[in-house]
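The values are calculated or read from the model by the stated rules, or taken from the named source; none is laboratory data. None of these values were measured; they are calculated from a predicted model. Ideal geometry is used to build each Cβ from the backbone, glycine not excepted, and the neighbour counts take in all protein chains shown. Only protein heavy atoms, including side chains, enter the accessible area calculation; ligands, DNA and RNA are left aside. Shrake-Rupley method; radii C 1.70, N 1.55, O 1.52, S 1.80 Å.
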Amino acid sequence: MSKRSADLESVFQSILEGIDENQIPPGGIGLHEPIFRGNEEKYLKECLQTTLVSSIGPFVSKFEQMLVEYTGVPYAVACSSGTAALHVCLILAGVRANDEVLMPAVSFVATANAAVYCQAIPHFVDVESKSFGIDAVRLRSYLQKISVMKNGECYNEATGRRIKVLVPMHCFGHPVDLDQILSVAQEFNLVLIEDAAESLGSFYKGKHTGSHGLLSALSFNGNKVVTTGGGGAILTHSKELAVKAKHLTTTAKIPHAWKMAHDEVGYNYRLPNLNAALGCAQLEQLPRFLKAKRQVAERYLKAFEDYADVKIVHEPDSTQSNYWLVNLLIDSTSKVTRDQILERTNQALIRTRPSWELLPDLAMYRECPKMELTIARNLVSRTVSLPSSVSLGH
Ligand SMILES: *Cc1c(COP(=O)(O)O)cnc(C)c1O
């Protein structure tokens, strides 16, 4: 059977079919909204009743323990945001002033900001169309061209700067090809730090995302799969790094019953007990959330299966995605455009969204080194993120 070509109205109808709402509520449908139907109130009340709302309290270590159990990574350090978590990951990876940090051109601005907080320089890499993450094959040939190895360390030949770290990001929850990326990191002696902010509940060949790098960062912002209001976490296999991460994120205070002393410039990147309490209640429901999100993705996949020129981005082979955001990819030959779809849906209060502007297109990152970004630019111009909340599943 030949497939049909998309027009604006049929795409709009298929999005409605995917949302499976007979009537859009008066306020419309958000892109990704949190849902609180578990022990959230109970745990938050406990914080109020015990007065443990701030930096001390049992929910923080409980939350960290739950992350360890779920991800299978032996150490987790809760932080005040995913951005803070990334910042500390990069410090502990040894990123210093004037180092270059390789990262995808398609990401949330925090990935690049975290490098600049270390006075380092983002170096942008093109992505591939299966995962929307770093294209390891093209990164390898790019590095072979532009870098030199000196004493086992990778340098950018044009800038003379050390290329120290590689930060893949699991875009929209889809795991990148970690085997390939690890092999590039090994070949050029780069420290691997995963930006797993969007991929709690996503697995690569059966292993949780964020378990492959030296360190990795999770986010629990309000629009992520589970939320603590605001928050993040660092994951690592190294006890030593976990201890250092805890120290740095808690103002580098020397543990003591009453003495107030600090042994380096630390950060107030603690996750308050109040937020951790919310996180514990949310993590208890994570398997159910993931099931609901998969249902949402499957409904969209079905609604768009008959089209020749628009399709839903499927989880890559050998991975299990959390489908944080379900995305529509429009063929360049299609007569419908991204902006038409964005306009039609948002007018109907269905809050679809384009992907981020490419990081090197932002004013503060325009001068940073970068690969040719053909695929990134092309993909972003054809992508629409669809409403993907847990509450849209059944
Ligand atoms: C959400 C997110 C972060 C961290 O965000 P916070 O709001 O600071 O928790 C980092 N990187 C990516 C790719 C993200 O999507």
Inset, instruction - Hand me the GluC sites (Glu not before Pro) from the range 345-394 located in a DSSP loop with no more than 10 other Cβ atoms within 10 Å, in residue order please. - result: Glu367, Glu372
Inset, instruction - Hey, can you grab everything whose amide H is under 5 Å from the amide H of Asp331? Only 5+ residues off in sequence or another chain; H modelled, so Pro and N-termini drop out. - result: Val310, Lys311
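Kindly flag which residue pairs out of Lys205/Lys311; Lys224/Lys253; Lys45/Lys293; Lys62/Lys253 have an alpha-carbon separation exceeding 26 Å in this structure.
Lys224/Lys253; Lys45/Lys293
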Legend entry - For the chain, alpha-carbon Rg over 2.2 N^0.38 Å: 1.01
Inset, instruction - For Ile350, list long-range residues whose amide hydrogen, built 1.01 Å from N in the peptide plane, is under 5 Å from its own amide hydrogen. - result: Ile29
Inset, instruction - Report, for the range 126-272, the % of DSSP beta bridges that are antiparallel, rounded to 5. - result: 70 percent
Inset, instruction - Treating only the Cβ atoms of Lys and Arg (+1) and Asp and Glu (-1) as charged, compute the dipole magnitude of the chain about its Cα centre; round to the nearest 20 debye. - result: 620 debye
Inset, instruction - State, to one decimal in nm², a quarter of the convex hull surface area for the C-alpha atoms of the range 249-345, i.e. the direction-averaged projected area. - result: 11.9 nm²
Legend entry - Neighbour cut-off at most 12 other Cβ (10 Å), DSSP loop, GluC sites (Glu not before Pro), the range 75-157: Glu157
Legend entry - Percent accessible area from carbon and sulfur atoms, the range 123-236, protein chains only, probe 1.4 Å: 48 percent
Inset, instruction - Tell me which residues come under 5 Å, amide H to amide H, from Ile163 once H is placed; ignore anything under 5 positions away on its chain. - result: Glu100, Cys154, Tyr155, Asn156
